[in-house]
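A short worksheet on the structure shown next.
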Amino acid sequence: MKHFFSLAAMLLISFISNAQIPLPVIRDTAGGGKYITRTMHLLESSTAEMRNTVKILVYGQSISEQDWWLSVKQKLEERYPYANLIMINRAIGGFASQMLWKTVEMDVTSFYPDLVLFHVYGSHIDYETIIRTIRSRTTAEVAIQTDHITKDSEIADYDAHKLDLNFSVWENKMSFVFEPGFAEKYKCELIQVRKHWMDYLKDNGYSAAQFLRDGVHLNDNGNILMAAIIEPNLRLNPVYTEADPLGLVKTLRADTDFSLSTDTLLLPFEGNKVDGILFDDASPADSFLVFVDGFRPERFQGVFNHTRPYDRQGGSFPWSMGCWYYLQHSFPWNHDEEWSCTIKTINQAQDNFTFSVAGSITGQDGEGAGQQDFVSGTGRVIISRDDWHIKRTHDVTGYTVQPGYTFYWKTYAMGMNKIVPAVNPIHGMENTVTFFQGIPNTKHVLMLVKKGNRWPVKAIRVYRPYWDRQDTFFLQATPATLSFQKSGGAKMVSVTSNTCWKVRSNSGWLHADIDAWSENATIRITADTNIGVSRTDTLFMEGTGTMPQKIIVSQEGIVTSNLLFNDKENRMVIFPNPARDYLMVYSGDKKVYSYQIIDVGGKIFATGGFSPLELKNEFKVDLNGLCAGSYWLRVYSREGARLLPFVVAR
């Protein structure tokens, strides 16, 4: 197998045909290709009649931005002319792992690549966060690139500690300790750029500086060398004959794996993304609806994402515009909503500014200051004071934001509630449409409902990320108890979940700002002012496939003896008394299922009741239609009946 990859390296002569450096010999690659088999099988199996789409993302910081990747792309296009290769670069210069982990959802999961070529400097902790996010949110295979050599002393450190691994140079420790560990843990390909680079310098008597333009970044020869190291690793190793050993993607065929004999398809699956492969002649008349676990895909907040910030002046994120680089939210986003942020005031140092945000659907949503954490009125925009990139851009590039400057971003759904097919315009390529992506990586049921003339679906492709595969749904709300003062107020409840859920209360005095959502969230629970006695109620958190969670809520009350009738023995209270239009009834821990209003002679004037599933311990009784006088309220609970006297005053 060493012979196979050495031959591959020899084929790279075109990389250096115009350079003054000799061709590198790529060593120790006999086991290469183990964790990129799905991507390479897709490339290798592409033909003129079956042009497989293969998406490759180059991600990292400034080293990944450099031109070597264009040479790699060119070689892949030449070697696999029939593949529909979509290879893009979203690396962000200057973003070490401590910052880059915050942009992964925006940049990587939205693209949902087949392969990620990844390199970044920085913290090993945040480095692992990036790998874990990619492997848990997408089915992308990951090729980890270790660091190249920037100083000759790094080689000496390696030689001194290659056996005990007690390196003093951080890049050696990352490249030979941490990154191999991450590669094995998350089943990623490891491209040992650093070892190959080191061997090359030794073999040819070069210094590290000869391949760098500024002590870190690559010069022309450095780009040639990097491409010559990377490209031989992107080949199908014939030892690995199984195309998808980790079970990342499964294609199910109509009439073989599922039936379309009725107008509704129910298909259990495991994963977080589903594509439909449609017939080439599918048309808008063949539409159908999409549901997941009985809900429209847009019910799942993981389906939503946002674009990179942009402005109207042609600025490039993040170094030639002023903006945030990490956006959060606590309230559901809208599909296809454009947001704007306008800088209202800003100082010369660019570190103290005020701003306002607005959404094209939401409207004006609040004002904030850059030195403070910001939560918009709806909770759809949350920006930490540490996640602005205005001052850093100014300090590095000199770009200056002026008052009135506005930048934008869009929120969008990575899925559709209704599929309206179109004819396939490209021969040999699958007519593919994404139903949804970004839902929790667990068991689900797909439901398709035909609305058009015929079923246009010939296959369904299910994607199941390798990491964080969950076999069951879960729902947990904390804290489990809340306590309010009589003046009311707000409390926060943290929800951890991988399914759709809703909040239900039997009372009218408790309110949740989110009554239905999916996955993790923070709910704001507010209580009205209590003008009665102390009261208790239960919030029910109900999630698909989970046991209901209960949050017990209590609130202090006001006791005014001349306004209340208090049955102390049974802890039942009515007020106001005398009353005009209504009575409020509090029955403590006793659940009431019906009541009657009677006079002193036993005549029934009114009745009311509740369903067995919604028994009440707090309710309102309408007194309209009653004449002034003395009455009794007969209350029925499981413990029996109680009579409570009251007076109607007109």
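Within the stretch 163-192, the only residue that satisfies the criterion of being in contact with a strand residue (DSSP E or B) (Cβ under 7 Å, 6 or more places away or on another chain) and either surrounded by fewer than 18 Cβ atoms within 10 Å (Cβ to Cβ) or at pLDDT below 95 (or both) is Pro180.
Within this structure, Thr138 passes the test of being under 17 Å from Gly438 (Cα atoms), buried (at least 17 other Cβ atoms within 10 Å of the Cβ) and modelled with pLDDT of 95 or more.
Matching residues to (1) of a type in the set (Ser, Thr, Tyr); (2) touching a His at 6+ places or on another chain (Cβ under 6 Å); (3) at pLDDT 95 or above; (4) on the phi < 0 side of the Ramachandran plot:
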{"position": "Leu70", "(1), (2), (3), (4)": "no, no, yes, yes"}
{"position": "Tyr80", "(1), (2), (3), (4)": "yes, no, yes, yes"}
{"position": "Ala83", "(1), (2), (3), (4)": "no, no, yes, yes"}
{"position": "Ile86", "(1), (2), (3), (4)": "no, no, yes, yes"}
{"position": "Gly94", "(1), (2), (3), (4)": "no, no, yes, no"}
{"position": "Leu100", "(1), (2), (3), (4)": "no, no, yes, yes"}
{"position": "Asp107", "(1), (2), (3), (4)": "no, no, yes, yes"}
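Taking the criterion of being under 26 Å from Val573 (Cα atoms), hydrophobic (A, V, I, L, M, F, W, C) and buried (at least 18 other Cβ atoms within 10 Å of the Cβ), the residues of the stretch 516-556 that qualify are Ile525, Ala527, Val533, Leu539, Ile551, Val553. Any residue that is surrounded by 18 or more Cβ atoms within 10 Å (Cβ to Cβ) and among the small types (Gly, Ala, Ser) - is there at least one of those in the stretch 197-213? Checking the stretch 197-213: at least one residue is surrounded by 18 or more Cβ atoms within 10 Å (Cβ to Cβ) and among the small types (Gly, Ala, Ser). Of the strands (runs of 3 or more DSSP E) lying entirely inside the stretch 595-650, those containing at least 1 residues that are in contact (Cβ under 8 Å) with a residue 40 or more places away in the chain span 618-622, 629-637, 640-648. The set of residues from the stretch 103-120 being closer than 25 Å to Thr434 by Cα and part of a loop (DSSP other than H, G, I, E, B) comprises Thr103, Ser110, Phe111, Tyr112, Pro113, Asp114. Of the strands (runs of 3 or more DSSP E) contained entirely in the stretch 503-542, those carrying at least 1 residues that are farther than 30 Å from Gln437 by Cα and β-branched (Val, Ile, Thr) fall at 521-527. Does Lys410 satisfy the condition of being surrounded by 14 or more Cβ atoms within 10 Å (Cβ to Cβ), at pLDDT 95 or above and assigned to a helix (DSSP H, G or I)? Criteria not met by Lys410.
Condition (residue is among the hydroxyl-bearing types (Ser, Thr, Tyr) and either closer than 30 Å to Val462 by Cα or touching a residue at least 40 places away in the same chain (Cβ under 8 Å) (or both)) applied to the stretch 161-176: is it met by at least one residue? The answer is no, given that none of the residues of the stretch 161-176 is among the hydroxyl-bearing types (Ser, Thr, Tyr) and either closer than 30 Å to Val462 by Cα or touching a residue at least 40 places away in the same chain (Cβ under 8 Å) (or both).
Restricting attention to the stretch 372-407, which residues are within 29 Å of the chain's Cα centre (by Cα) and either aliphatic (A, V, I, L, M) or surrounded by fewer than 14 Cβ atoms within 10 Å (Cβ to Cβ) (or both)? Correct list: Gln372, Asp373, Val375, Val381, Ile382, Ile383, Arg385, Asp386, Ile390. Just one of (1) surrounded by fewer than 19 Cβ atoms within 10 Å (Cβ to Cβ); (2) outside any loop (DSSP other than H, G, I, E, B); (3) out of contact with any Lys or Arg (no Cβ under 7 Å at 6 or more places or on another chain) fails for Lys273. It is (1). Close Cβ contacts (under 7 Å, 6 or more residues apart or on different chains) running from residues in the stretch 146-158 that are modelled with pLDDT of 95 or more to residues that are surrounded by fewer than 18 Cβ atoms within 10 Å (Cβ to Cβ) and of a type in the set (Phe, Trp, Tyr) are absent.
Screening the candidates Ser330, Ser320 for the property of being within 19 Å of the chain's Cα centre (by Cα), in contact (Cβ under 8 Å) with a residue 40 or more places away in the chain and assigned by TED's automatic domain parsing to the domain that holds Thr393 yields one hit, Ser330. Kindly provide the set of residues from the stretch 349-376 that are assigned to a loop (DSSP other than H, G, I, E, B) and either of a type in the set (Ser, Thr, Tyr) or within 15 Å of Trp324 (Cα to Cα) (or both), ordered by number. Residues satisfying the conditions are Gln350, Asp351, Asn352, Ser360, Thr362, Gly370, Gln371, Gln372, Asp373, Ser376. In the stretch 299-313, the condition of being more than 30 Å from Thr133 (Cα to Cα) and in the same structural domain as Trp339 (by TED's automatic domain parsing) is met by at least one residue.
List every residue pair whose Cβ atoms sit under 8 Å apart, with the two residues 6 or more apart in sequence or on different chains, where the first one lies in the stretch 126-142 and is among the acidic types (Asp, Glu) and the second, anywhere, is at pLDDT below 95. Every condition considered, no pair remains. Summed over the stretch 345-358, the residues that are loosely packed, with under 15 Cβ neighbours inside 10 Å and either in contact with a strand residue (DSSP E or B) (Cβ under 6 Å, 6 or more places away or on another chain) or closer than 30 Å to Trp501 by Cα (or both) give a count of 1. Note on the stretch 559-587: among residues that are among the small types (Gly, Ala, Ser) and more than 52 Å from the chain's Cα centre (by Cα), the one that is modelled with the lowest pLDDT is Ser561.
The values are calculated or read from the model by the stated rules, or taken from the named source; none is laboratory data. Quick caveat, the model's predicted, so the values are computed rather than measured. Positions of Cβ are backbone-derived with ideal geometry, glycine not excepted, and every protein chain shown enters the neighbour counts.
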